[in-house]
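K.L.:
Submitted below is the structure of interest, expressed as structure tokens.
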Amino acid sequence: MVGLIISTLHRTIMAGTSLLLGTTGEILTERSGILNLGVEGMMNLGAVAGFMVTYRTGNLLWGVFAALLAGGAAAALHGFITVYVKANQTVSGLALSMLGVGLAGVLGKPFIGHQLPVRLEQIEIPLLGQIPVLGELLFHQDPLFYGGIVLAFASWFFLRYTRTGIRIRSVGENPRASESQGIPVEKFRFLCTVGGGAFAGLAGAHVVLSYSTSWTEGIVAGRGWIVVGLTIFSLWNPLRGMIGAFLFGGIFVTQYVLQPLGVPPNLLAMLPYGATLVVLLLDGLRKDQRSLHAPAALGEPYSR
Amino acid sequence: MAGKSLLKKIQTVQMEKISKYFQGVAANRNIDLTIRGGEILGLLGENGAGKTTLMNILYGLYRPDGGRILIDGVEATFRSPRDAIRAGIGMVHQHFMLVQNHTVVENIVLGDGEAPFLFPQRAVEQKLLKFQELYGLKVPPYARVWQLSAGEQQRVEIVKALMQGADLLILDEPTSVLTPLESRDLFSILRRMAGEGHGVVIISHKLEEILDLCHRVVVLRKGEVVGEADTKGVTKEELARMMVGRSVVFSFDWKPAPKGEVVLQVEGITVRSDRGTVAVKNVDLSVHRREIVGIAGVAGNGQRELVEAITGLRKVESGRIRILGKDITNQSARVIHAEGVAHIPEERIRFGTVPNLLIYENAVLKRHHFAPFSDVLFLDYSEIKSHAVDLVEQFTVAAPSIRVPMKHLSGGNIQKLIVGREVSAGPALLVASHPTYGLDVGATEYIRKQLLKRREEGEAVLLVSEDLEEILELSDRIAVMFEGHIVGILNRQEATIEQIGLLMGGVRS
């Protein structure tokens, strides 16, 4: 029984890793005021790029690099359309999701059922890995997990305590004021969007290089949508995003654990979205109007 | 940086033959303007005269279509505000350019090119504290901007500009959001800055404050310089004539009139603010036919909540409101409007119009669903358009056509259209909130005349304003609000500015 719990928790953390990476990226993007609903698409593209390149080269680094590039490029498209052409961000993001899922499906078709020759192996951190239970859970993971944790903390620090971070938040809160202080609003927003997309690509890479290493169609399986919900759930704070990612990762895993016991998996699959709604509801019920920490200019195109 | 501004100062800024066009319309035409260090220059003009455009060019927000800028004789090109900031020019906009959810120091970091990459907050806080000693400009470093009063927010803006090394400070309508006391503080700060060699430019249309504060005044009209004067050798009337291009009436022909039956009857209402606190406490008030009742008070003492309760925009917790005897308490705004209450709202652009709709569509808001503007199913556009043409003519709204979006009109013209729309509905009660706030002399005069005309025609007007002269000039009776109570109701004959001022400060006689 203890073994089952530990293995479930271990899988929880693995499932949470891609959510963590994606959420950190989406927080970065949304903090600059751009809403990118294309996470599912960007993760799919990151996954297929990561899979194809790793399959051909047998080199994980190249695969990860390709995923970053694919996610970033897809986000650049969204950034161009929303930041420079100033189109509706919701429409563009939804389109990007569909485009990404479709394109990944087509590109990945020849690889269905194929297995990668290599995978991201779990690395044990010396000493810390020896701690009973905790060591196995937290210090016996793949490099992207460690990277994701570091990136989440770094993003939190970056947004809060650096000059550039403050400017990114300002652009997302009040682009006009930022512009009047000489901040190039469009450049900031575009770069944050591309950066967030690269994170999503990385999240997609984690799905194929660590979580499951054979290609099936729709391998990302809605994780991108969970990320969109998680970003709200986290109230745009990367640290809260980290907690949420593993919480939602747990729900993702329990679907499979509880299924044999007769719990319908669809019910559990619904939970992350339900939890997001509850957070929105609780926040909305609070009297203080400013409690929802959504960037004030989120989703609004800015032109002088 | 503070240190730098003490050493180097801009001696002169020259703007030569500056022209700027928006969609073919000249906002500035061949403007020459010289600003000297150590001088407070007033830039006077009506709304739409091109004052703000000219200063936005100097601040690098707009690029001029013609002309050039010389700083100490050297030509300067500003591609963005960043270039202007580097050249030592700072600007405090009319609508503050602050991030409301951020702290004061975070707002300063935003534009501070010298803030360190890591932990800029701390460095800026240190600088801020030094600065406070130097200039006596106190601002709480870690308060969030939305928690600050308008006066404090303005101080943050000034500190921000000075910390970026502004030798020349431009202020756009700086007193429009301040209480009289805060204005006085601001003026002493500006005088001190000028005394230290800073150049200061004040954009304003308030004649008194220009005469009081500035050394020199330049008057703009329709995008051109129409006059320039030393403030010592010029009178208010002369300036007003330059600004408007004709003589302006400063006092109105107010005739006593016997008041008629009660139109608005407010009985002991209590209303809560957005924050949930009680903003209006057990208030009684009545307005009769052929009467203007003015409500005076410092902003935030419940005036807004009272008006919103009467017009159906806010829930009344207890008490009753009647219009011509009919109970309208907690009815919807639509029902109340249909019962004969018209409303000129406080924030005219946000609540008075739909900026993206065309003028003729805005002209029938709130009545679009009634005959003759619509039948059972469809809007009657020919009726709507001819109504809009009538309004534009009758209320002298300067608009290129009734087919342009409302947002293209200037503030004064937007307000004229709103007044026309509300008055043309033939209301029993007209509620006017700060109807001339931010308007130029010409438009202000016009709007006040319209309010008096309502009274002469035998209708009731409830006027809320922070402009005491306006209240005194127009009202039959003056009610003063303080902390949610009406602390005194004075008749026109017995009211003096001093007395109202005391009541506004909560001193009961």
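Only the coordinates and a few stated rules stand behind these numbers; no lab work does. Note that this is a predicted model, so its numbers are computed, not measured. Methodologically, a virtual Cβ is constructed for each residue, glycine included, from the backbone with ideal geometry; neighbour enumeration extends over all protein chains shown.
K.L.:
Under the Karplus relation 6.51 cos²θ - 1.76 cosθ + 1.60, θ = phi - 60°, what is the ordered set of whole-Hz ³J(HN,Hα) values for the range B:159-171, x standing for Gly and Pro?
P.N.:
Coupling constants for the range B:159-171: 4, 4, 5, 5, 5, 7, x, 5, 8, 10, 10, 9, 10 Hz.
K.L.:
Please report the orientation-averaged projected area of the range B:1-121, defined via the convex hull of its C-alpha atoms, in nm².
P.N.:
9.2 nm²
K.L.:
With +1 on each Lys and Arg Cβ and -1 on each Asp and Glu Cβ, how big is the dipole of the range B:99-165 about its Cα centre, in debye rounded to the nearest 20?
P.N.:
100 debye
K.L.:
Identify, among A:V228, A:T82, A:M242, the residue whose Cα sits farthest towards the positive end of the charge dipole of chain A, taking +1 on the Cβ of Lys and Arg and -1 on the Cβ of Asp and Glu, with the dipole about the Cα centre.
P.N.:
Going by the Cα projections, it comes out as A:T82.
K.L.:
What percent do you get for the relative contact order of chain A when only Cα pairs under 8 Å and 6+ apart count?
P.N.:
After rounding, I find 37 percent.
K.L.:
I would also like to ask the following. Could you go through the range B:83-94 in sequence order and give the Karplus-derived ³J(HN,Hα) for each residue, using 6.51 cos²θ - 1.76 cosθ + 1.60 with θ = phi - 60°, rounded to whole Hz, and x for Gly and Pro?
P.N.:
5, 5, 4, 4, 7, x, 10, x, 9, 10, 6, 4
K.L.:
Next up: Given H placed on each backbone N at 1.01 Å, which residues far from B:I295 in sequence or on other chains put an amide H within less than 5 Å of it?
P.N.:
Correct list: B:L463, B:V464, B:S465, B:A479.
K.L.:
Roughly how many whole Å is it from the C-alpha centroid of the range B:261-283 to that of the range B:411-436?
P.N.:
23 Å
K.L.:
If you don't mind, another one. Given the options B:F373, B:L452, B:G199, identify the residue whose Cα lies farthest towards the positive end of the charge dipole of chain B (+1 on Cβ of Lys, Arg; -1 on Cβ of Asp, Glu).
P.N.:
B:G199
K.L.:
Give the distance, in whole Å, between the Cα centre of the range B:148-188 and the Cα centre of the range B:5-84.
P.N.:
Value for the Cα centre distance between the two parts: 20 Å.
K.L.:
What percent of all Cα-Cα pairs in the range B:263-504 falls in each 10 Å bin, counting up from 0?
P.N.:
8, 32, 36, 19, 5, 0
K.L.:
So how far apart, in nm, are the two label points at B:S176 and A:T57 if each is 7 Å from Cα heading toward Cβ?
P.N.:
Rounded to a tenth, the inter-label distance reads 5.8 nm.
K.L.:
If you don't mind, another one. If I fit a long axis through the Cα atoms of helix A:2-31 and take the longest principal axis of the Cα atoms of chain A, what angle between them do I get, 0 to 90°, rounded to 10?
P.N.:
So the inclination is approximately 20 degrees.
K.L.:
What 222 nm value per residue comes from the helices of chain B, counting each DSSP H run with n ≥ 4 as -39,500 (n - 2.57) and dividing by all residues, nearest 500 deg cm²/dmol?
P.N.:
That comes out to -9500 deg cm²/dmol.
K.L.:
Averaging sequence separations of C-alpha pairs under 8 Å and six or more residues apart, then dividing by the length of chain B, give the relative contact order as a whole percent.
P.N.:
15 percent
K.L.:
GNM, chain A, Cα, under 10 Å: largest mean-square fluctuation among A:L28, A:L120, A:L281?
P.N.:
Result: A:L281 has the largest fluctuation of those listed.
K.L.:
Mean-square fluctuation check for chain A, GNM, Cα pairs under 10 Å: which of A:Y161, A:Y146, A:Y211 is largest?
P.N.:
A:Y161
K.L.:
Report, in debye and to the nearest 20, how large the dipole of the range A:118-238 comes out about its Cα centre when Lys and Arg carry +1 and Asp and Glu carry -1 on their Cβ.
P.N.:
So the magnitude is around 580 debye.
K.L.:
Would you mind getting the Kirkwood hydrodynamic radius of chain A from its Cα pairs, rounded to one decimal in Å?
P.N.:
19.5 Å
K.L.:
Separate question: Using Cα pairs under 8 angstrom and six or more residues apart, how large is the relative contact order of the range B:99-165, in percent?
P.N.:
45 percent
K.L.:
Ok, one more. State the answer as a single residue: which of B:P256, B:I189, B:L98 lies farthest towards the positive end of the charge dipole of chain B, with beta carbon charges of +1 for Lys and Arg and -1 for Asp and Glu, about the Cα centre.
P.N.:
With unit charges placed on the Cβ atoms, the residue in question is B:L98.
K.L.:
I'd like the Karplus ³J(HN,Hα) series for the range A:60-68: coefficients 6.51, -1.76, 1.60, θ = phi - 60°, whole numbers in Hz, and an x wherever there's a Gly or Pro.
P.N.:
Along the range A:60-68, the couplings run 5, 4, 4, x, 4, 4, 4, 5, 4 Hz.
K.L.:
Let me ask you something else. Near the amide H of A:I123, under 5 Å away, which other amide H atoms are found, from residues 5 or more places off or on another chain, if H is placed in the peptide plane?
P.N.:
A:Q141, A:D142
K.L.:
Which residue fluctuates most in the GNM of chain A (Cα springs below 10 Å): A:L61, A:L69, A:L209?
P.N.:
Of A:L61, A:L69, A:L209, the Gaussian network model singles out A:L61 as fluctuating most.
K.L.:
Shifting gears a bit: Which value in Å is the Kirkwood Rh of the protein assembly as shown over different Cα pairs?
P.N.:
30.2 Å
K.L.:
Using +1 on the beta carbon of Lys and Arg, -1 on that of Asp and Glu, and nothing else charged, what's the dipole of the protein assembly as shown about the Cα centre, debye to 20?
P.N.:
The dipole of the protein assembly as shown has a size of about 920 debye.
K.L.:
Let me ask something additional. List the residues, sorted by chain then number, that are 5 or more residues from B:A27 or on another chain and whose placed amide H is less than 5 Å from its amide H.
P.N.:
B:K20, B:Y21, B:F22
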